[in-house]
Amino acid sequence: MQKNLSSYLSTSRFAQLCGTNKRTLFHYDAIGLLPPGKVDAKGYRYYTEAQYGLFQIIIALKEMGMSLAEIKSFIDQRDPQRFHALLGEQKQRVEEQISQLIRVRQMIDTKLALLHEASEIPPDRFEDPFLEEHPEEYFILSARVDSDAHDRFTHALYEHLGYCERRHFQEGYPFGAMISSTALKMNKFNEYAYFFTKVHQPADDPHLFCRPAGRYACLYLRGNYREPEQAYRRLLRFFEEQGLEMGDYSYKEGVIDETAELRLDRFVTKLLIPIRETSGRESHPQ
């Protein structure tokens, strides 16, 4: 008998080779998915090296989301054409999963960067405006709002968030808001011109907006981002005292929001207003 079984592997050795356990092999045998190559008179199961390749395909298809019943149906009727079609279909699913994982990784990296930024903020930057150089950055804009009416800006915000979700523009940044310098000068600190979602790379999208590189007056706000009046008043005084001219829009960006902090009074928001340089150009939303 040993001579006849020399080309077979016992259940234990086959399970070890496949990185699984005997219980899994017994289950696959019971449902007819992967019967052993041979069963001796005592009921011991034996497998062949050819079944190793078949086991690997079963595991791969299972990890791609196919049920054992679907895998068995394929195994029972497999041929090169059917296998080619199945591989093409599963490759597309894998590509979609990879894209999703890349988006998840980007979101994690963004959240980690925001947490790091919050941990590095000096206390005085919640009190005193400061100047900061910013690189060119890209936003996806909402429809024009120009209102502080709750119903109007809420509708615009939800439309914007839905659009960004459908187009996979959510990269972990909290949504932001733009307020025109004209509104700020009239003390309309919650009259939003646009909502925006920041993206890392320019996208081929009609709502793409480039915030230009340059100097910005900045101030961090701790607490409710819907109550920015005192922070904006400090920024307006800063422009007046420094003899600076504001660009067309200010930017309100979340750093620590409800995704990371339970208490509203611990939220952190960054306010930025571009400084209009005498020889510079500013980008305008279309």
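The values are calculated or read from the model by the stated rules, or taken from the named source; none is laboratory data. Computed from a predicted structure; not experimentally measured. All Cβ positions, glycine included, derive from the backbone under ideal geometry; neighbour counts span all protein chains shown. Please note that ligands, DNA and RNA were not included when accessible areas were found on the heavy atoms of the full protein model with its side chains. Shrake-Rupley method; radii C 1.70, N 1.55, O 1.52, S 1.80 Å.
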Of all residues making up segment 214-237, the number that are in a strand (DSSP E or B) and not small (Gly, Ala, Ser): 7
Where a residue in segment 156-169 is aliphatic (A, V, I, L, M) and its partner, wherever it lies, is open to solvent by less than 50 Å² (accessible area, probe 1.4 Å), with Cβ under 7 Å and at least six apart: ALA156/SER142; ALA156/VAL145; ALA156/PHE195; LEU157/SER142; LEU157/PHE195
Selected residue (criterion: surrounded by the most Cβ atoms within 10 Å (Cβ to Cβ)) from residues of segment 235-275 that are acidic (Asp, Glu) and farther than 22 Å from PRO285 by Cβ: ASP257
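Yes or no: TYR225 open to solvent by less than 40 Å² (accessible area, probe 1.4 Å) and over 15 Å from PRO129 (Cβ atoms)? So that I can check it myself, show each step before the final result.
On the way: open to solvent by less than 40 Å² (accessible area, probe 1.4 Å): no; over 15 Å from PRO129 (Cβ atoms): yes.
Judged against the criteria, TYR225 is not a match.
Considering only residues that are in a helix (DSSP H, G or I) and closer than 16 Å to GLN16 by Cα, look in segment 33-57 and name the one that is most open to solvent (accessible area, probe 1.4 Å). Step through it out loud before you land on a result.
From segment 33-57, those in a helix (DSSP H, G or I) are 49-57; that's our starting set.
Now drop any that are not closer than 16 Å to GLN16 by Cα, which leaves 49-56.
On the way: GLU49: 133, ALA50: 75, GLN51: 24, TYR52: 84, GLY53: 36, LEU54: 38, PHE55: 5, GLN56: 71 Å².
My answer is GLU49.
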Matching residues in segment 133-157 - criterion: being at pLDDT below 90, not in a loop (DSSP other than H, G, I, E, B) and not charged (D, E, K, R): SER147, HIS150, PHE153
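I'd like to know if segment 244-254 contains one or more residues that are among the small types (Gly, Ala, Ser) and more than 24 Å from GLU117 (Cβ to Cβ).
If we filter segment 244-254 for residues that are among the small types (Gly, Ala, Ser), which is where we start, we get 247, 250, 254.
Now restrict to residues that are more than 24 Å from GLU117 (Cβ to Cβ): none.
No.
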Matching residues in segment 226-253 - criterion: being in contact with a Pro (Cβ under 9 Å, 6 or more places away or on another chain) and among the hydroxyl-bearing types (Ser, Thr, Tyr): TYR249, SER250, TYR251
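How many of the residues making up segment 69-79 are out of contact with any helix residue (DSSP H, G or I) (no Cβ under 7 Å at 6 or more places or on another chain) and open to solvent by less than 50 Å² (accessible area, probe 1.4 Å)?
First pass over segment 69-79, keeping only residues out of contact with any helix residue (DSSP H, G or I) (no Cβ under 7 Å at 6 or more places or on another chain): 69-70, 72-73, 75-79.
Pick out the ones that are also open to solvent by less than 50 Å² (accessible area, probe 1.4 Å) and you get 75.
Number of matching residues: 1.
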Answer residue from segment 180-213, given it is among the polar types (S, T, N, Q) and outside any strand (DSSP E or B) and is nearest to GLU253 (Cα to Cα) among those: ASN190
Filtered residues of segment 250-269 (kept if part of a strand (DSSP E or B) and within 21 Å of the chain's Cα centre (by Cα)): LYS252, GLU253, GLY254, VAL255, ILE256, VAL268, THR269
Residues located in segment 185-215, provided they are open to solvent by 60 Å² or more (accessible area, probe 1.4 Å) and farther than 20 Å from ARG144 by Cβ: ASN187, HIS200, GLN201, PRO202, ASP204, ALA213, ARG215
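Does PHE139 satisfy the criteria of being within 24 Å of GLU261 (Cβ to Cβ) and open to solvent by less than 20 Å² (accessible area, probe 1.4 Å)? It would help to see each step written out before you state the result.
Values: within 24 Å of GLU261 (Cβ to Cβ): yes; open to solvent by less than 20 Å² (accessible area, probe 1.4 Å): yes.
Spelling it out, PHE139 is indeed within 24 Å of GLU261 (Cβ to Cβ) and open to solvent by less than 20 Å² (accessible area, probe 1.4 Å).
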